[in-house]
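Some notes on the structure that comes next.
The values are calculated or read from the model by the stated rules, or taken from the named source; none is laboratory data. Note that the structure is a prediction, hence the values are computed from the model and not measured. Every residue, glycine among them, receives a Cβ derived from its backbone with ideal geometry; neighbour counts consider all protein chains shown. With ligands, DNA and RNA removed, areas are computed over all heavy atoms of the protein, side chains included. Shrake-Rupley method; radii C 1.70, N 1.55, O 1.52, S 1.80 Å.
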Amino acid sequence: MVDYEYADLLDNQDKIRTLIDPTSSYAIAAAYALGRAVDDEIISAVTGTAYTGETGSTSTTFTAGNAITEAGSDGLTLAKLRSAKQILDSNSVDPSIPRTIVVAPVAISDLLAVTQVTSSDYASVKALVQGEIDTFMGFKFVLSNRLSKTGNMRKLLVYAQDGMLLALGQDIVTRIDERSDKGYATQVYCSQSIGATRMEETKCVSIESYEA
């Protein structure tokens, strides 16, 4: 488990009055901050080291055969999507289990340029939904700007739903207190305790995508 905290000091009394409104900018900012922490935990866990065994002391690294690499300058292509699907299918991953692919904005642009993706002849679900790719080749597309990038290579992530686990040690705790040591400003404080890990090595895949 990893603990995350968010804190913000407010001086303006008019702004403090808005704290009781769950749709206020402060409440939304706190929720987004902790939400990004959840995203980061999942992203790092997909290809990070998983700890197994009765005591959790055995380190299990990401399976090299589940990594689709890029030696040239190709972004996200249909061939890479097919390879990811083939890896999951070859590992006997039940096709009825939802499959997710986490991609960066550039990868979406790469696919939008491919005629097959935007054609109903190739996709069972219309690929363009207000300019966004939704589902294609059995993968639910999720857009993220928090994927790791090394040089010009961005690491996109694919996993079956039951191949990953997000554990919640402590749900979000929120406190609004006056800080005498900060000129009696009001502090908005939120915290949570979470952790993520791979549950099954065969259900997680990484894809290298070139970004200039």
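Against the set [x] 38, 23, 15; [y] 42, 23, 19; [z] 41, 22, 15, the structure's computed semi-axes √(5λ) of the Cα gyration tensor in Å falls on [x].
Counting only alpha carbon atoms, the long axis of helix 25-47 and the longest principal axis of the chain meet at about 40°. In the full protein context, the chain carries 57 Å² of accessible surface per residue, based on a 1.4 Å probe and ignoring ligands, DNA and RNA.
For the peptides 181-191, 95-105, the ranking by packing is 95-105, 181-191, with the highest mean count of neighbouring Cβ atoms within 10 Å listed first. What the phi angles of region 135-143 give under the Karplus curve with 6.51, -1.76 and 1.60, with θ = phi - 60°, is a coupling list of 10, 7, 6, x, 9, 8, 8, 10, 8 Hz, glycine and proline written as x. Extension gain for ASP74 to SER109 (0.36 nm times residue separation, less C-alpha to C-alpha distance): 11.4 nm. The lysine pair count for the chain, using Cα distances under 17 Å and pairs eight or more places apart or on different chains, is 11.
What fraction of the DSSP beta bridges in the chain is antiparallel, stated in percent and rounded to the nearest 5? Provide the component values of the computation, followed by the final result.
Numbers: 42 of 49 bridges.
Percentage antiparallel, nearest 5: 85.
Judged by the mean number of other Cβ atoms found within 10 Å, the most tightly packed of the peptides 173-179, 55-61 leads the ranking 173-179, 55-61. Go ahead and estimate [θ] at 222 nm for the chain from helices alone: -39,500 (n - 2.57) per DSSP H run with n ≥ 4, summed, over the residue count, rounded to 500. So the calculated ellipticity at 222 nm is -7000 deg cm²/dmol. Here the accessible area is traced with a 1.4 Å probe on the protein chains. For the chain, carbon and sulfur cover 49 percent of it. For the Cα atoms of the chain, what angle does the longest principal axis make with the long axis of helix 78-90, in degrees from 0 to 90, nearest 10? On a 0 to 90 degree scale, this one is about 90.
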